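Heads up: the structure comes next, in structure tokens.
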Amino acid sequence: MTLSTSCRQPLTDEITAKLREMVHSGEWPLQQRIPSETALTARLGVSRGTLREAIKALTHSGMLEVRRGDGTYARATSEMSGAARRMYKDHTEEHILQVRVGLDAQAARLAAGNATAEDVAALRAVLADRDASWNAADYAGWARADWGFHERMAKASGNPLLHELYVSFGEVFNNAILKQLSRAGFVGIRHEGHGELVDAIEAHDADAAVASVNRNLNSCAEWLKE
């Protein structure tokens, strides 16, 4: 008996959810090829057609990428992250920086009101890693630590949705930082600005925290115009 589309749809949704969790949980590492169709149909107990529909849905969302003749790769840990990665290709560094102004200012304001001593210690530890990477000429590590600082600040905000946004946009903003590194004359983002920001968060001074964010990002904006 041939199942109708209405009967098949819940199964496709179920398999899509299972594949999504495999990527989200890290079972399938990002940038790595996922198991073959043969292996997945056997593991999940579904037909190739159902599996392909599920893969198509996650490919459309940006979580997976099908490379003809090579296989399917994990590209993002969530639909939000996948959408951000796709949108990044269509926007300039200036556009990305303008989005960050709003996000970073709100994260800083909330962190100043909600951060714990543990949060402050974690922020200072990330800054130490950032400086160590720069001094060791590990610029990729520096970029990861730089974005890690902002992601940790979002966590300290106490707003889980804001933190999820930072996690989702991580690849986008990290790539933007790496692009800046490729420009002649880039000497990194000054440590003092981030240190001042942590000081303001520790003092629970929201206005000073937002002012620090604005100074840092305005400095980046001016540098991009040169």
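The values are calculated or read from the model by the stated rules, or taken from the named source; none is laboratory data. These numbers were taken from a predicted model, which means no experiment stands behind them. Counting neighbours? That spans all protein chains shown, and the Cβs are built from the backbone with ideal geometry, glycine included.
In summary, Leu197 fulfils each of the numbered conditions (1) within 17 Å of Arg100 (Cβ to Cβ); (2) modelled with pLDDT of 90 or more; (3) outside any helix (DSSP H, G or I) with the single exception of condition (3).
With a requirement of 3 or more residues that are at pLDDT 85 or above, the helices (runs of 4 or more DSSP H) lying completely within region 49-166 that satisfy it span 93-114, 117-135, 139-156.
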